[in-house]
Structures are given as C-alpha cells and as structure tokens.
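Here's the structure, in structure tokens; my notes come after.
The values are calculated or read from the model by the stated rules, or taken from the named source; none is laboratory data. Everything numeric in this text was worked out from a predicted model, so none of it was measured. Note: ideal-geometry Cβ built from the backbone for every residue, glycine included; neighbour counts use all protein chains shown.
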Amino acid sequence: MNIFLHSVKTGTGLLGWTRGGLSRLTDGHWAYFETSDGFSHNPIHSITEESGGKSLVGTMQGLNRFRDVNITAYTTREGLKQ
C-alpha cells in the first residue's frame, strides 16, 4: 500500500491512500474522505497545494480541488482530456 503525505501551509496534514480515500489531520483530529464525499475516484495518486490553501488531489478518474470539507471534482465530464 502506498500513501502520499502532504503538509498544507495551514498546518493540515493530508494522507492519500492508493487503496482509497484521503485522510486529513487538523488540530489533532482525523477525518476521512472518499468518492461518497465528492472525490472523482478513491485511489489517490498525487497531492499538491495551490494558492489560497486549497489542495489539488489527483486520481485515475480526474483532478479534485479540496479545501476544508469542500471537494470539487473535475473529470472528462467537465472537459479534462483522457
């Protein structure tokens, strides 16, 4: 099992799981997010941070903008190339 660790400038830690989902550590508390929360696909393949404290999370099915508990998925339906 592979994981991707990313520390956001806001002090939040993100763990992306290739077996599925994203775990977030904020103020000592863990939260878990997956497709039922809005991600385009469960296996996480990359995480990076963009300006404004939002994280970009890459999956095999698309790109996801993540901040707090808000997830916006971008897939081929939104115009991403395959």
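In table form, for the structure just shown:
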| read-out | value |
| --- | --- |
| Residues within the stretch 35-82 that are at pLDDT 90 or above, surrounded by fewer than 17 Cβ atoms within 10 Å (Cβ to Cβ), of a type outside the set (S, T, N, Q) and under 20 Å from Thr12 (Cβ atoms), tallied | 6 |
| Matching residues in the stretch 43-79 - criterion: being over 12 Å from the mean Cα position of the chain (by Cα) and polar (S, T, N, Q) | Ser51, Gln61, Thr75, Thr76 |
| Residue under evaluation Arg19, criteria (1) at pLDDT 90 or above; (2) surrounded by fewer than 17 Cβ atoms within 10 Å (Cβ to Cβ); (3) in a loop (DSSP other than H, G, I, E, B), criterion not met | (1) |
